[in-house]
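All of the numbers you see were taken from the coordinates with simple rules; none came from a lab. Note that the structure is predicted; figures quoted are calculated from it, not measured. Cβ placement follows ideal geometry from the backbone for every residue including glycine, while neighbour counts extend to all protein chains displayed.
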Amino acid sequence: MNRDNSNLLRNIASSAKRELADIVIKNGKIVDVFNQELLEGDVAITAGIIVGIGEYEGKVVIDANNKYIAPGFIDGHVHIESAMLTPVEYSHVVLPHGVTTVIADPHEIANVSGEDGIDYMLTSSEDIALDVYYMLPSCVPAVSFENAGATLTAEQLEPYYQHQRVIGLGEVMNAPGVISGDPAVMNKLQSATAHHKHIDGHAAGLDKEAINVYMTAGIRTDHECTTPQEVRDRLQRGMYVMLREGSAARNLREIIKAVNAKNARRCLFVTDDKHLDDLVNEGSIDFNVRLAIEEGIDPILAIQMATLNAAECFGLKDRGAIAPGYIADILLLDSIEEISISHVYKAGQLVAQDSKYVGPVVHAADPIEKMISSINIRPITKQNLELSITNATKQANIIGIIPNSIETKHLIEEVDVNESLHFQPSIEKDHLKMVVAERHNALGTVGVAILKGLGITSGAIIATIAHDSHNIVAVGANDEDILFGIDVIEQLKGGIVIVDQGKVLASVSLPISGLMSNQKFEYVYEQLDNLNKALCDIGFNQNFNPFLTLSFLALPVIPELKLTDQGLFKVSEFTHIKVEV
């Protein structure tokens with residue numbers, strides 16, 4: 001939100017009670033995130049800004065009916081594309097959950113569509129009720145071991161720093177590049193620093209020595225902690241720690257154990273990647289706050305982490321608290337223990353009530369044509385999917401799924417082979433075939449591996465969401481369904497599909513760069529519900545989100561084994577390895 005300096009005199013007059021405030025909220029209990037206590041008093045608002053706490057009269061009076069008055073929540077790191085919605089529709093989902101500001105990283109769409117993707121996200125988030133700030137994607141492509149749809153250099157990113165809603169450089173995930181001083185990485189870090197912008201980290205699996213290097217490079221945050229000790233290590237070295245609870249990575253209950261009253265001011269909440277159905281059914285940052293409270297964090301402290309801490313982390317000095325001079329992003333809560341939200345106000349205007357968006361209607365911007373035509377694949381044959389296992393022991397390197405985590409295990413197990421000495425999927429051993437096929441420039445590169453832990457017994461799941469290069473990713477019990485599903489995905493212009501025995505059981509079309517729908521969220525939610533129901537038909541009965549799990553199996557910066565379009569990748573060695581041992 002941009003403040004209008006012409007309102008300054010009017011705001012001061014309202015604060016000094018020479019003029020009536022535009023809005024006054026009465027009869028509520030104010031959550032004071034500074035002193036960690038509750039206050040009694042009116043909240044006066046003029047021109048979207050809180051101008052006073054005390055006794056005020058206003059042109060409009062809102063009776064809080066003894067509810068709690070809290071600041072709007074801030075999501076400190078999110079990829080809007082993971083919700084499969086345009087920013088407009090995304091705002092309609094998260095505002096009812098109390099999220100009034102997000103710090104977004106558009107590196108998903110940038111890896112597919114480059115600068116066009118960034119431009120689209122900036123344009124399509126203008127004039128919506130949700131404040132969307134952006135961190136520029138630092139790793140397009142994420143690594144050099146896969147084929148993405150674009151490459152973004154420091155010189156290409158430089159002009160975006162002039163945009164008022166671009167506040168930094170997004171998660172720097174090329175740890176070897178940072179540690180070795182890779183020139184391309186250094187150029188991006190130096191450019192962000194020269195513009196006095198923030199730099200986000202991505203320190204998955206990094207030890208204390210590597211954190212020293214990240215901090216020295218000016219990288220100040222990390223959202224990849226999976227243990228309490230990792231949280232402490234980063235806090236000790238001056239980082240802000242982002243406590244993540246998304247759809248695939250569900251780490252909060254474990255890592256919140258490291259948080260206490262002494263160090264909580266350096267902690268904030270993020271969702272990172274969260275599917276639409278989980279946003280609707282669980283919530284966004286409000287869900288993180290509830291989990292923290294369930295794990296013993298004081299409710300007001302948890303609210304502080306979701307508001308003031310996030311604002312201060314990113315230098316957003318005008319939000320994060322119920323206080324004079326702050327934007328009137330306000331939640332009315334029936335309970336601070338349960339974080340039950342009845343009303344959401346954005347800059348003093350009601351935008352959500354009783355879990356429904358009631359704010360202004362804004363139409364989503366139309367993407368350019370080539371973003372709608374992002375699926376460009378060379379024909380894939382059964383021969384492309386063959387995986388030779390010729391060793392005598394039939395031992396293979398296998399990707400092992402860790403439920404509700406984006407990390408994987410490196411397994412070595414005996415697998416089944418056919419008479420041609422090619423890997424044969426086994427339902428009994430839960431050994432499935434996994435495929436990643438390049439889909440941006442018809443290069444024809446196809447990576448094939450073995451996956452354990454998904455547990456489907458027939459058919460295949462195919463998608464164009466595969467972090468971060470977003471090639472086609474597929475897992476199936478047979479080659480025929482994998483090939484059929486890839487054909488269906490091409491016809492859909494991107495999306496997610498479940499097939500079995502040559503039939504489509506369910507699908508969601510995501511034509512915007514193969515990542516986002518151009519439909520309203522209610523329609524997309526219905527399609528996702530059909531996908532979830534179809535999972536039962538192919539035998540899936542696990543307690544995790546298979547679509548998000550699948551999407552991260554191609555991300556070669558998260559331990560331990562991943563698959564790119566160029567083959568099986570061992571993250572600890574940062575190199576491709578053979579499937580057969």
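Can you give the translational diffusion coefficient of the range 460-570 in µm²/s, computed by Stokes-Einstein from the Kirkwood radius over Cα pairs at 20 °C and 1.002 mPa s?
Result for D is 151 µm²/s.
Which value in Å does the Kirkwood hydrodynamic radius of the range 370-576 take, with 1/r averaged over all unlike C-alpha pairs and then inverted?
16.9
Could you tell me how many degrees, from 0 to 90 and to the nearest 10, lie between the Cα long axis of helix 107-124 and the main elongation axis, the longest principal axis, of the Cα atoms of the chain?
With both axes taken from Cα atoms, the answer is about 30 degrees.
Would you order HIS223, HIS79 from fewest to most other beta-carbon atoms within 10 Å of each residue's own beta-carbon?
Ascending number of Cβ neighbours within 10 Å: HIS79, HIS223.
What is the antiparallel percent of DSSP beta bridges lying wholly in the range 14-124, to the nearest 5?
Antiparallel bridges make up about 50 percent of those DSSP assigns within the range 14-124.
Quick one: what are the phi-derived ³J(HN,Hα) couplings along the range 303-312, Karplus 6.51/-1.76/1.60 with θ = phi - 60°, whole Hz, x for glycine and proline?
Residue by residue, the range 303-312 yields 5, 4, 4, 7, 10, 4, 4, 5, 4, 5 Hz.
Can you list residues whose amide H is under 5 Å from VAL61's amide H, if they're 5+ apart or on another chain and H is modeled 1.01 Å from N?
VAL24
What percent antiparallel are the DSSP beta bridges of the chain, to the nearest 5?
Close to 70 percent.
Under 1.5 on a/c is rounded, so check that first for the range 72-314, then, if it is not, pick prolate when a/b is larger than b/c and oblate when it is not; a ≥ b ≥ c are the square roots of the alpha carbon gyration tensor eigenvalues.
Since a/c reaches 1.5 but b/c is at least a/b, the shape of the range 72-314 is classed as oblate.
Students often get this wrong, so check it: of LYS257/LYS452; LYS370/LYS562; LYS257/LYS317; LYS409/LYS570, which have C-alpha atoms separated by over 20 Å? All intermediate terms of the calculation are to be shown ahead of the outcome.
Details: LYS257/LYS452 30 Å; LYS370/LYS562 29 Å; LYS257/LYS317 29 Å; LYS409/LYS570 10 Å.
Checking Cα-Cα distances, LYS257/LYS452; LYS370/LYS562; LYS257/LYS317 exceed 20 Å.
Which one of HIS431, ALA204, LEU169 has its Cα pushed farthest toward the positive end of the charge dipole of the chain, where Lys and Arg give +1 and Asp and Glu give -1 at the Cβ?
Of the listed residues, the answer is LEU169.
For a quick check: sort LEU206, LEU130 by the number of other beta carbons within 10 angstrom, fewest at the front.
On the way: LEU206 21, LEU130 25.
If I rank by nearby Cβ atoms, fewest first, I get LEU206, LEU130.
Tell me the label-point distance for the pair THR381, LYS578, using the 7 Å Cα-to-Cβ offset, in nm and rounded to one decimal.
2.4
What is the distance in Å between the Cα centres of the range 530-569 and the range 111-129?
27
Positive end of the dipole of the range 370-576, charges at C-beta (+1 Lys, Arg; -1 Asp, Glu), about the Cα centre: which of ILE489, LEU528, SER513 has its Cα farthest in that direction?
The residue sitting farthest along the positive end of the dipole is SER513.
Using Cα positions and a limit of under 17 Å, work out the aspartates and glutamates in reach of LYS29, with same-chain residues fewer than 8 apart set aside.
Correct list for LYS29: GLU37, GLU40, ASP42, GLU55, ASP63, ASP298, ASP329, ASP334, GLU337, GLU338.
Using the alpha-carbon centroid of each, what span in Å lies between the range 1-63 and the range 413-462?
For the range 1-63 versus the range 413-462, the Cα centre distance is 60 Å.
Return, for the Cα atoms of the range 325-454, the radius of gyration and Dmax in Å, separated by a comma.
25.4, 74
Quick check for me: using +1 on Lys/Arg Cβ and -1 on Asp/Glu Cβ, what's the dipole size of the chain about its Cα centre, in debye to the nearest 20?
That gives a dipole near 980 debye.
What do you get for the angle between helix 183-194 and the principal long axis of the chain? Use alpha-carbon atoms, 0 to 90 degrees, nearest ten.
Once rounded, the angle reads 10 degrees.
List, in order, the whole-Hz ³J(HN,Hα) value for each residue of the range 478-489 obtained from phi through the Karplus relation with A = 6.51, B = -1.76, C = 1.60 and θ = phi - 60°; use x for Gly and Pro.
Using θ = phi - 60°, the values come out as 7, 5, 4, 5, 4, 5, 4, x, 5, 4, 5, 4 Hz.
Would you work out which of ALA64, HIS79, VAL31 lies farthest towards the positive end of the dipole of the chain, given +1 charges on the beta-carbon of Lys and Arg and -1 on that of Asp and Glu, about the Cα centre?
The residue sitting most towards the positive pole is VAL31.
Could you list which residues have their amide H under 5 Å from that of VAL579, counting only those 5 or more apart in sequence or on another chain, with H placed in the peptide plane?
Here nothing satisfies the definition.
Enumerate the amide H contacts of LYS67 below 5 Å, restricted to partners 5 or more residues apart or on another chain; note that Pro and chain-start residues carry no placed amide H.
LYS29
Determine the dipole magnitude for the range 72-314: charges of +1 sit on the beta-carbon of Lys and Arg, -1 on that of Asp and Glu, nothing else is charged, the reference point is the Cα centre, and the result goes in debye to the nearest 20.
1020
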